[in-house]
Amino acid sequence: ASEEAAPVSDAPPEIAERQDNFEAIGDSFKVIREQLETDAPDMAAIQTAAGDINTRLQRLPDLFPEGTSMEAGFDTEALATIWEDPDGFSEATQNAIALSEEMMAAAASGDPAAVGAQVGNIGLNGCKACHDKFRVDDD
């Protein structure tokens, strides 16, 4: 394998798809956080955003084909650990999906405090837990 990054045109489409997917997840979290900062959160908007996060997390298993890591020379933060520890990656993905379902339930309850607690829970135990192991540290 060459040490040089592969040309972007040679990048598998899944890399752009997963980056767009994660960006959209971030956008939905932003909607939720912004609503929770208001005096009267729009629970319908929060429910929609929580559902979007869940749907997008469910796509993750299909967006990481073998050979699409940073180590393979692509412009991505995905580490080879994803494919070296497929069970761990699958477990982390399924955990994030389950946590997003809890966030959806909190949104459906209409309780902003419950939603806020779940946003923190999924951020720490879903997003960060997976990123710490499977994504290059971008700090």
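Taking the alpha carbon gyration tensor of the stretch 60-115, what are the square roots of 5 times its eigenvalues, largest first, to the nearest whole Å?
Working: eigenvalues 201, 27, 13 Å².
The three semi-axes for the stretch 60-115 are 32, 12, 8 Å.
Run the quick spin-label model on Glu17 and Ala114: label points 7 Å from Cα toward the beta carbon, then report their separation in nm to one decimal.
With each label placed 7 Å out from Cα toward Cβ, I get 3.5 nm.
When the Debye formula is applied to the Cα atoms of the chain, each taken as the same point scatterer, what base-10 log of I(q)/I(0) results at q = 0.13, 0.17, 0.21, 0.22 Å⁻¹?
-0.59, -0.90, -1.20, -1.28
Identify the GluC sites (Glu not before Pro) of the stretch 7-82 meeting these criteria: DSSP loop state and at most 11 other C-beta atoms within 10 Å of the C-beta.
On the way: sites: Glu14, Glu17, Glu23, Glu34, Glu37, Glu66, Glu71, Glu77; in loops: Glu37, Glu66, Glu71, Glu77.
Sites meeting the loop and neighbour criteria: Glu37, Glu66.
Please list, ordered by chain and number, the residues whose modelled amide H lies under 5 Å from the amide H of Arg135; skip anything fewer than 5 residues away on the same chain.
Leu79
For Leu36 and Glu84 in the same chain, what is the full-extension length gain: residue separation times 0.36 nm, less their Cα-Cα distance, in nm?
Numbers: separation 48, 0.36 × 48 = 17.28 nm, distance 3.86 nm.
Working it through step by step, the gained length comes to 13.4 nm.
Find the accessible area per residue for the chain; the probe is 1.4 Å, ligands and nucleic acids are left out, and the unit is Å². Walk me through the intermediate numbers first.
Details: 7870 Å² over 139 residues.
On a per-residue basis, 57 Å².
From the phi angles alone, apply the Karplus equation (6.51, -1.76, 1.60; θ = phi - 60°) to the stretch 104-114 and give each ³J(HN,Hα) in whole Hz, x where the residue is Gly or Pro.
4, 5, 4, 5, 5, 6, x, 9, x, 5, 5
The values are calculated or read from the model by the stated rules, or taken from the named source; none is laboratory data. Not measured: the values here are computed from a predicted model. All Cβ positions, even for glycine, are placed from backbone atoms using ideal geometry, and neighbour counts span all protein chains on display. Side chains are part of the model used for accessible areas, which takes the heavy atoms of the whole protein and leaves out ligands, DNA and RNA. Shrake-Rupley method; radii C 1.70, N 1.55, O 1.52, S 1.80 Å.
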